[in-house]
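Student: Quick one: structure below, then a few questions.
Rule-based calculations on the coordinates, nothing more; no lab input. In this text, all values refer to a predicted model and were calculated from it rather than measured experimentally. Every residue, glycine among them, receives a Cβ derived from its backbone with ideal geometry; neighbour counts consider all protein chains shown.
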Amino acid sequence: MAEISIRSIRKSFGATSVLKDVSLEIADGEFLTLLGPSGCGKSTLLRILAGLEVQTGGSLAIGGRIVDGVRPKRRDVAMVFQSYALYPHMTVAQNMALPLRMRRLSSWQRLPVVGRFLPGTTAVGAEIEKDVMRTAKALGIGHLLARKPGQLSGGQRQRVAVGRAMVRQPVVFLMDEPLSNLDAKLRVQMRAEIKELHQRLGVTFVYVTHDQSEAMTMSDRVAVMLDGELLQVAPPQEIYADPDDRRVAEFIGSPK
Ligand code: ADP
Ligand code: MG
């Protein structure tokens, strides 16, 4: 069964149509990359999957459940943003713990005796601390938990952003150009680490990039996007060897 079912999704901002009837089935455990030039609608589609943006038309199912109108926190997805979106006033540990605290507190809040949750002011609970520690160690950032994002390198920040997504134990990872702020050498190293993470967790990844070589080396399938449309969805070798369409061939740079 498809883990993600995207059915005729459309999105307009005012009079501008950004996604034009996008349909795609993504299998459970698949590494699917949305590849396309800047401005073609990749982030918009990812944000719709995350529930951060509402589609103009069409429907979306994740894990067999229609999620139209379901709030981001109630979807089993975690997103890693291009900018990492870490809170600068919080430590690495607090940044990573935040999704867990929000989730656990949202059920505690129904109990009458529990007070208000103030981000970054309360100590991290023992159980949450253990989850955060384990994840941080696995990502090689265990020694950085007390630092703030401003005291980290780009690569370390990127790992914190991935760690914050991991602690939620999502069934779907959404990653929006997570390596674009890193230098070339680190980018190649992090590709391997993200692939390793995918294999270890065995969950579904929807990865966004405009970088062909990233798409070709990391993905089970690549969905080539141009001007709000999916032109071809196929394994990397097939896209490269047998582009469906002149526009795919031009973007990939292979002859046809
Ligand atoms: P990509 O991630 O592929 O670079 P985006 O999904 O960010 O593309 O953007 C696709 C198009 O939608 C762009 O032309 C962009 O300017 C437009 N767009 C994105 N978000 C908004 C918004 N909130 N309001 C108006 N236009 C937007
Ligand atoms: Mg984008």
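Student: From the phi angles alone, apply the Karplus equation (6.51, -1.76, 1.60; θ = phi - 60°) to the stretch 229-245 and give each ³J(HN,Hα) in whole Hz, x where the residue is Gly or Pro.
Tutor: Here the 3J(HN,Hα) series is 10, 8, 8, 7, 10, 6, x, x, 4, 5, 4, 6, 7, 9, x, 5, 7 Hz.
Student: Calculate one ³J(HN,Hα) per residue across the stretch 137-142 by plugging θ = phi - 60° into the Karplus curve 6.51 cos²θ - 1.76 cosθ + 1.60, and present them in order as whole Hz with x for glycine and proline.
Tutor: Calculated HN-Hα couplings, in order: 4, 4, 9, x, 10, x Hz.
Student: Okay, moving on. Please label the shape of the stretch 29-70 as rounded, prolate or oblate, based on the square roots a ≥ b ≥ c of the eigenvalues of the alpha-carbon gyration tensor (a/c under 1.5 means rounded; beyond that, a/b larger than b/c means prolate, else oblate).
Tutor: Oblate, since a/c reaches 1.5 and b/c is not below a/b.
Student: Okay, next question. For the pair ASP211 and ALA146, what calculated FRET efficiency results from E = 1/(1 + (r/R0)^6), where r is the Cβ-Cβ distance and R0 = 51 Å, to the nearest 0.05?
Tutor: The value I calculate is 0.90.
Student: Quick one: plug the Kirkwood hydrodynamic radius of the chain (C-alpha pairs) into Stokes-Einstein at 4 °C, 1.567 mPa s, and report D in µm²/s.
Tutor: 67
Student: Quick one: which of LYS11/LYS73; LYS11/LYS185; LYS130/LYS185; LYS73/LYS130; LYS73/LYS185; LYS137/LYS195 span more than 27 angstrom between C-alpha atoms?
Tutor: Cα-Cα > 27 Å for LYS11/LYS185; LYS130/LYS185; LYS73/LYS185; rest within.
Student: In the stretch 167-256, with Lys and Arg counted as +1 and Asp and Glu as -1 at Cβ, which of these residues, HIS198, GLN237, VAL248, has the Cα nearest the positive end of the dipole, that is, farthest along it?
Tutor: HIS198
Student: Simple spin-label model, 7 Å along Cα-to-Cβ: GLU25 to ALA85 in nm?
Tutor: Label-label distance for GLU25 and ALA85, simple model: 3.0 nm.
Student: Working out 0.36 nm times the residue gap between ARG71 and GLU238, then minus their Cα-Cα distance, what length gain in nm do you get to one decimal?
Tutor: Value of the extension gain: 56.5 nm.
Student: With charges only on Cβ, +1 for K and R and -1 for D and E, what is the dipole size of the chain about its Cα centre, in debye, rounded to 20?
Tutor: Dipole magnitude for the chain comes out near 1340 debye.
Student: Which net charge results for the neighbourhood of ARG247, defined as the other residues with beta-carbon distances under 10 angstrom from its beta-carbon, given Lys and Arg at +1 and Asp and Glu at -1?
Tutor: Cβ neighbours under 10 Å give a net charge of -4.
Student: In addition: Which of ALA136, ALA192, ALA50 moves most in a GNM of the chain, Cα contacts under 10 Å?
Tutor: Taking springs between Cα atoms under 10 Å, the residue moving most is ALA192.
Student: Let me ask another. So what is the 222 nm mean residue ellipticity for the chain from helices alone, if each DSSP H run of at least 4 adds -39500 (n - 2.57) and you divide by all residues, rounding to the nearest 500 deg cm²/dmol?
Tutor: Value at 222 nm, helices only: -10500 deg cm²/dmol.
Student: Shape of the stretch 169-211 from its Cα gyration tensor (a ≥ b ≥ c, root eigenvalues): rounded if a/c is under 1.5, otherwise prolate when a/b > b/c, or oblate?
Tutor: Taking the square roots of the gyration eigenvalues as a ≥ b ≥ c, the stretch 169-211 is oblate.
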